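Written below as structure tokens is the structure these notes are about.
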Amino acid sequence: MSSILKLENLKVRFATHRGQLEAVRGVDLEVEAGTSIGIVGESGSGKTVMSRAAMGLLTGSNVTREGRITFDGKVLSDMSRDEVRNEFGTGMAMIFQDPMTALNPVRRIGSQLQESLRVRLGMSRKEAKARSIELLTLVRIPEPARMLRKFPSQLSGGMRQRIMIAIAISCNPKLLFADEPTTALDVTVQAQILELLTDLRQELNMTMVLVTHDLGVVAGNTDYVAVMYAGEIVEQAPTTELFANMKMPYTEALFKSIPNINMKAGSRLPVIEGRLPDPTDRPPGCGFAPRCNYAQDKCFTDHPELEVAKDGHLYRCWFPLGDSIQRKVS
Amino acid sequence: MRKLWSTLNLPSKISVLWVLLVFFFVVTGNFLPLLDPTEYDPDASGVGLFSPGHFLGTDINGYDLLSNVINGARISILIALVSVGIGGLIGSAIGIGSAYVRGKVDLVVNLFFNILLSIPNLVLGLALVAILATSVDPSIPIDPNRRVFIIIFSLTVVIIPILGRIARGATLSWVNREFIVAARSMGMKDRHIIFKHIVPNVLPAIYAVIFLAIGVVIVAEGALSLLGVGIIDGVSWGAMIGRVAGDFTYAPQSMYVPVIVLALTVIAFNQIGDHLRSQLDSREGKI
């Protein structure tokens, strides 16, 4: 298997009036072609910024990006904006978090769907229309021909997200970033959209990067999982291995905060106390230490490096779970 | 069309009818069986309203007010439409462009708009006309056509920052929306994004302000005439006001006829602009 996307020491900084905000701090990630990887972390952990930076969608004048990004054998980080643009749509595409804002409110679904077909693939009006009906059928929208005439405001959230998916896959991308594709949707629709994405991925032979804050979403839909915290990958493993054998207390805490059907009625959902460290002023030690139930003195002073365990399992922790080291539980 | 009409309230309906009437006169004024607006009637100078042969009376020189007011609509509306059209186009292009590229360009453009906006419309127009419309030899009056051109140019300069700032503001509120990033993520070029994604969203805000701007320009044209730098020789509402500005006690209708027509027209344009803006607000809420 060859890697389709490779991030090497990716760093993203924003210049703010409070100083440099380091949103992504040296991420190394390799995504193998044909697989699906989940990026998990809480809000503000840098997962969205990382995926947008990987694609080169952060263009503000206050953004600096460092590191090497290789996509499909081409070094994206060395390419000009025009060259990178050629990879968009046909090479890689993105599904956005909020389908309410990711569609232009004043243009019909048809014209938004056909835009990339006509501009990027050079289709004629007629071809584009036929293809767009095909795409809408693919994302399981009933009466696709009628849908083309509608405006986004006439559709429900789930329908809009299907349209977004149809747009994203319209030029047959090799790599699909799905940035919290189900966060803005209600639970029943979430399941449908995830199932659709998984099916499409296999049908169209796409690689998928699924960004989410929900470990439950990752469980059935990905081959690998990378857990992000405070702009770093803190644990990475094949999905089954990760769930069977968590090393990082943060992953465990995330896992415990998934609501469970066996919970006693009226009992409180476990939450992770505290907040992410201030991104303009990172502490010297492990970023999770102040919130960690197992933190030792060393965790506050020394920054842990990614350690390699067996079966491609990586973790960033001085005192990983499942080790026999004695630790005082605070 | 019928559906559109039913959404209007009464003042807006009256305004639309008034504006349509004015436009009807703009188009047909030349061909209506009216007295020649440039010929004076020595037998009836300064006669009042509803005089035989002069429905709205005449001014002190005997010019027929009805035919002047109807024929004057042509130049007044032409000046307003041309200067708002050109000023709007230039202003919107600058505003949208600078808001899209951001950074230093935007900073400079915004500063430029703010400086122009800090000067009162009339003072700016007056200054431009005064500088540009002077003939080398004071004894030879400046060519009236050139004067119209200069007034249009000056009013265009007045309009550019007004519409420019609206376009800039509207663009800023759209340019960071997710659908712009989404379009970019599909490989759309900047030009495509501006014309297909930003302009259609910014246009409604511009439409609303264009009507308000037309009102501003009509007033400015009249005011410039009152100050003696507008159109004096031709046939326009401003010219009618300008000609009698010195003395209208003998024939007051010569002042209030053009002023009332001008005021009604401005109010009508403002009403339509306000209506469009309120429609826009509620639409924004529905999205």
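The values are calculated or read from the model by the stated rules, or taken from the named source; none is laboratory data. Keep in mind it's a predicted model, so treat the numbers as computed, not measured. Here the Cβ positions follow ideal geometry from the backbone for every residue, glycine too, while neighbour counts run over all protein chains shown.
In the stretch A:140-162, the count of residues that are at the interface with chain B (Cβ under 8 Å from one of its Cβ atoms) and under 24 Å from the mean Cα position of the chain (by Cα) is zero. Quick check on the stretch A:235-242. Is at least one of its residues surrounded by fewer than 24 Cβ atoms within 10 Å (Cβ to Cβ), of a type outside the set (S, T, N, Q) and closer than 30 Å to residue A:156 by Cα? No, the stretch A:235-242 has no match at all.
Among what's in the stretch A:35-59 and is touching a Lys or Arg at 6+ places or on another chain (Cβ under 9 Å) and either in a strand (DSSP E or B) or in contact (Cβ under 8 Å) with a residue 40 or more places away in the chain (or both), pick the residue that is nearest to the other protein chains (Cβ to nearest Cβ). Outline the logic, then answer.
Residues of the stretch A:35-59 touching a Lys or Arg at 6+ places or on another chain (Cβ under 9 Å): A:36, A:39-41, A:44, A:46, A:53, A:56-59.
Retained after the next criterion (residues that are either in a strand (DSSP E or B) or in contact (Cβ under 8 Å) with a residue 40 or more places away in the chain (or both)): A:36, A:39-41, A:44, A:46, A:53, A:58.
On the way: A:36: 19, A:39: 17, A:40: 22, A:41: 20, A:44: 18, A:46: 17, A:53: 13, A:58: 9 Å.
Only one residue tops the list, namely A:58.
Mind listing whichever residues of the stretch B:180-207 are among the hydrophobic types (A, V, I, L, M, F, W, C) and facing chain A (nearest Cβ under 7 Å)?
Taking the stretch B:180-207 as the starting set, the residues that turn out to be among the hydrophobic types (A, V, I, L, M, F, W, C) are B:180-183, B:186, B:188, B:193-195, B:198-199, B:202-203, B:205-206.
Correct list: B:181, B:182, B:186, B:188.
Of the numbered criteria (1) more than 26 Å from residue A:196 (Cα to Cα); (2) of a type in the set (Val, Ile, Thr); (3) within 14 Å of chain B (Cβ to nearest Cβ), the one residue A:95 fails is (1). Can you find a residue that is acidic (Asp, Glu), part of a loop (DSSP other than H, G, I, E, B) and either within 19 Å of residue A:46 (Cβ to Cβ) or out of contact with any strand residue (DSSP E or B) (no Cβ under 8 Å at 6 or more places or on another chain) (or both) anywhere in the stretch A:300-307? Yes - at least one qualifying residue is present in the stretch A:300-307. The residue that is nearest to the other protein chains (Cβ to nearest Cβ), counting only those in the stretch A:60-90 that are surrounded by 21 or more Cβ atoms within 10 Å (Cβ to Cβ) and not hydrophobic (A, V, I, L, M, F, W, C), is A:89.
The sole residue among A:24, A:49 that is touching a Gly at 6+ places or on another chain (Cβ under 9 Å), of a type in the set (Val, Ile, Thr) and more than 23 Å from residue B:179 (Cβ to Cβ) is A:24. Whether a residue is under 26 Å from residue A:31 (Cβ atoms) and either modelled with pLDDT under 90 or among the basic types (Lys, Arg) (or both) was assessed, and residue A:129 does not pass this test. Among the residues of the stretch A:105-156, those that are of a type in the set (Ser, Thr, Tyr) and closer than 19 Å to residue B:183 by Cβ comprise A:111, A:116, A:132, A:153. On the given criteria, is residue B:173 among the hydroxyl-bearing types (Ser, Thr, Tyr), at the interface with chain A (Cβ under 7 Å from one of its Cβ atoms) and either buried (at least 19 other Cβ atoms within 10 Å of the Cβ) or without any contact (Cβ under 8 Å) to a residue 60 or more places away in the chain (or both)? Taking the combined requirement at face value, the residue does not satisfy it.
Can you name every residue in the stretch A:102-147 that is part of a loop (DSSP other than H, G, I, E, B) and within 27 Å of residue A:202 (Cβ to Cβ)?
Looking only at the stretch A:102-147, we keep the residues that are part of a loop (DSSP other than H, G, I, E, B), and these are A:102-108, A:122-124, A:139-143.
A:102, A:103, A:123, A:139, A:140, A:141, A:142, A:143 - these are the residues of the stretch A:102-147 that are part of a loop (DSSP other than H, G, I, E, B) and within 27 Å of residue A:202 (Cβ to Cβ).
Which one is surrounded by the most Cβ atoms within 10 Å (Cβ to Cβ), of the residues in the stretch A:11-30 that are closer than 19 Å to residue A:315 by Cβ and touching a residue at least 40 places away in the same chain (Cβ under 8 Å)? Filtering the stretch A:11-30 for residues that are closer than 19 Å to residue A:315 by Cβ and touching a residue at least 40 places away in the same chain (Cβ under 8 Å), the one surrounded by the most Cβ atoms within 10 Å (Cβ to Cβ) comes out as A:24.
Just wondering, is there one or more residues in the stretch B:68-84 that are touching a residue at least 12 places away in the same chain (Cβ under 8 Å) and touching a Lys or Arg at 6+ places or on another chain (Cβ under 7 Å)? Checking the stretch B:68-84: not a single residue is touching a residue at least 12 places away in the same chain (Cβ under 8 Å) and touching a Lys or Arg at 6+ places or on another chain (Cβ under 7 Å).
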